[in-house]
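Enquirer: Supplied in structure tokens, the structure appears directly below.
The values are calculated or read from the model by the stated rules, or taken from the named source; none is laboratory data. Remember, it's a predicted structure, so these values are computed and weren't measured experimentally. With ideal geometry, Cβ positions are generated from the backbone for all residues, glycine too; neighbour counts draw on all protein chains shown. Each accessible area value is taken on the protein alone, full model and side chains, heavy atoms only, with ligands, DNA and RNA left out. Shrake-Rupley method; radii C 1.70, N 1.55, O 1.52, S 1.80 Å.
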Amino acid sequence: PLLARFVEALRDTMHAAPGVGLAAPQVGVPLRIAVLEDPAPVPEEVRQARGRVPQPFRVLVNPSYEPVGTARAAFYEGCLSVPGWQAVVARHAEVRLRAHDEHGRAVDEVFTGWPARIVQHETDHLDGTLYLDRAELRSLSSNEVLAARWAQPTPEEAARTLGFELP
């Protein structure tokens, strides 16, 4: 019952933020638990460019991931732990996730596109890594500047203008 209440608190906090994932350490709890859910309410152009598809609510206990292939994708990414800022992060385009769900059932699944990004981002939190540790710092922008200048489906214009490489 305590785990179920904690998972519900994580879900409520993630929704209130709003966000698409949340890890226990982000709310001060040193457990290897994360939740994710993404209704993907984005325009079709963004959905296609980023591989952003709806994801149901999931609980990940003791998750780990490994890359599938060598492809990488770079997009602006933000975090509830660093509100108001985003930066370009290159991540594996496809990952294999291994974890358990909240009922102790094994999870072994391959994620691609934006869902793969969420899995990596939230699992990184459990290892003490923030997106800024992986970011192209030249791209760091406030949400306001991002919306005004770099809100294209891909960060290609930002890379050209700010002078950094994309994978």
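Enquirer: Longest segment of the chain with no GluC sites (Glu not before Pro) in a DSSP loop having at most 16 other Cβ atoms within 10 Å?
Expert: 1-101
Enquirer: Test of understanding: express the Cα radius of gyration of region 1-77 as a ratio to 2.2 N^0.38 Å, with N the residue count.
Expert: Working: Rg = 14.4 Å, N = 77, 2.2 N^0.38 = 11.5 Å.
That ratio works out to 1.25.
Enquirer: Shifting gears a bit: Sorting PHE164, PHE57 by accessible area (1.4 Å probe), largest first, what list results?
Expert: Largest to smallest exposure gives the sequence PHE57, PHE164.
Enquirer: Now a separate question. List the residues, sorted by chain then number, that are 5 or more residues from VAL110 or on another chain and whose placed amide H is less than 5 Å from its amide H.
Expert: LEU97
Enquirer: Per residue, how much accessible surface does the chain expose to a 1.4 Å probe? Answer in Å², no decimals.
Expert: Value for the chain: 52 Å² per residue.
Enquirer: Carbon and sulfur together cover what percent of the accessible area of the chain at a 1.4 Å probe radius?
Expert: 54 percent
Enquirer: Further, regarding this structure: Which three extents, in angstrom, do the Cα atoms of region 51-167 have along their principal axes, listed largest first?
Expert: 47, 29, 26
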